[in-house]
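One structure is given here, and the rest of the page talks about it.
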Amino acid sequence: MEKSRRRTNKTKSPASKSTSSNSSSTIPKSKPKKKLHEPTSRLWVGLDYTLEGVVVVLLVITLFNLAMRHLVDSKLKPSGQVIGTGHFGEALHVKCVGPEGGPLVILEGGLMQGHNVFVLVQESLQREGIASCSYDREGYGFSPRSGSKEKRLSVFTNNLHQALHSRMEKHDSFIVVGQEYGSLFSMSFANKIPSTQFAGAVLIAPDVPAIGSPEESSLLWTLKFQRLLTKFGLVRLQLMAGKHRLSPMLKQLPANDAQLSQIMLSRSNTYDTASNEIQMMRDETDSVPSNVVIILGQNDSYDEHKYPTATVIHADDTPSYMIPVLHPTTITNTITELIHKHSAAI
């Protein structure tokens, strides 16, 4: 009986083997799936991580920028006096130094520049016994932006005249100094001074891009781009690393004045103000006084038809924005000569 069972098992065994072999031949083995476009998928993963990293870095820098505004920027105090000038919240921060009486020099900074760029010039003038006033235009430095919708050159000039009125009453002659775009404001203000009291004007690189020119359009787009960078704190980072275009100028200023410029350039409203000022040049005055001295920096030029009688001084080794911090003595000597000529003519 047992032998017969074993035989049966033996006879079944080959059949089962053949069945298993048939089943293995009829059912194909599943092959591992190949990863399609593997380099592409790696690229997308890499980009994903990169974008996440960029977002995290921008977030950190933005938070750092906000912290600096509240912890550092807010502690800087004005070095002059904030004077109200209108009914819409207009107010100008004015810094006057030097003796009362005699001539008064009124200093006007360029685009996105406040009173502090002339700190070395004011110190030099004070040593010569000459009084001077510098100020922050509306929206710069310690001068707040107003609620007035009248953004015209004449309105800005009237506000400055009102802010300086009490000080100007104590002086008998006046000289205006303007840098780059500030030269246009200086010329507008000069037209409000009686000719018998106007001693002259010193204009630093007064040639600015023509209205509607490609240069002006490029400048406006640059301001928009820089404004965007301020939102993420990238301009402040540039300044702190000393990589900003104006970093060489800031290194020449006293610590507080350099910090004020850094704060101004890190604010988005500074770039809004600068764009508005460029638009205001369409309200520019054509009247130019005869007693004008022009100081030109590196690669600068000027309109000879607009300033036909101007005396020209060249500082070829210096960019125009650096002239007030590197050549304060040149500016002071020029002002002194204009004062002497005016005194001799009276």
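The values are calculated or read from the model by the stated rules, or taken from the named source; none is laboratory data. Predicted model only: the values in this text are computed from it and were never measured. Cβ: placed from backbone, ideal geometry, glycine included. Neighbour counts: every protein chain shown. Keep in mind that these areas ignore ligands, DNA and RNA; they rest on the heavy atoms of the full protein, side chains included. Shrake-Rupley method; radii C 1.70, N 1.55, O 1.52, S 1.80 Å.
A few remarks follow.
- Solvent-accessible surface (1.4 angstrom probe) belonging to residue 172, in square angstrom, nearest 10: 90 Å²
- Table column - 3J(HN,Hα) (Hz), the range 205-217, Karplus curve with 6.51, -1.76, 1.60, x for Gly and Pro: 6, x, 7, 10, x, 5, 4, x, 7, x, 5, 5, 4
- Distant-in-sequence amide contacts of residue 294, defined by a placed amide H-H separation under 5 Å and a gap of 5 or more residues or a different chain, comprise 203, 311, 312, 313.
- Most to least accessible of 227, 236 (protein chains only, probe 1.4 Å): 227, 236
- Area projected by the alpha carbon convex hull of the range 215-346, averaged over all directions, nm²: 10.1 nm²
- Summing charges over all other residues whose Cβ lies under 11 Å from the Cβ of residue 294, with Lys and Arg as +1 and Asp and Glu as -1, gives -3.
- Where 186, 301 fall by accessible area, highest first, once all protein chains stay in place (1.4 Å): 301, 186
- Residues whose placed amide H lies under 5 Å from that of residue 105, excluding near-sequence neighbours: 131, 132, 133, 175
- Protein-only accessible surface order, largest first, of 111, 153 at 1.4 Å: 111, 153
- Full extension of the chain between residue 299 and residue 317 gives 5.6 nm of extra length, using 0.36 nm per residue less the Cα-Cα distance.
- Net charge over other residues, Cβ less than 14 angstrom from the Cβ of residue 168 (K, R count +1; D, E count -1): 0
- Annotation: amide H of residue 139 within the under-5 Å range of 145, sequence separation 5 or more or interchain, hydrogens built in the peptide plane.
- Gyration tensor verdict on the range 177-284 (Cα atoms; rounded if a/c is under 1.5, prolate if a/b is larger than b/c, oblate otherwise): oblate
- The phi-based Karplus calculation (6.51 cos²θ - 1.76 cosθ + 1.60; θ = phi - 60°) puts the 3J(HN,Hα) values of the range 329-346 at 5, 4, 5, 4, 5, 5, 5, 4, 4, 5, 5, 5, 5, 5, 5, 5, 7, 6 Hz, whole numbers, x for Gly and Pro.
- Using the Karplus relation 6.51 cos²θ - 1.76 cosθ + 1.60 with θ = phi - 60°, the per-residue 3J(HN,Hα) values for the range 289-306 come to x, 7, 8, 10, 10, 10, 10, 10, x, 4, 6, 8, 9, 8, 7, 5, 6, 6 Hz, with x marking Gly and Pro.
- Of the whole protein surface, residue 317 contributes about 120 Å² of accessible area at a 1.4 Å probe radius.
- Per-residue SASA remark: residue 340, around 120 Å² accessible (1.4 Å probe; ligands, DNA and RNA not included).
- Sites residue 220 and residue 255, calculated FRET efficiency, Cβ-Cβ separation with R0 25 Å, nearest 0.05: 0.15
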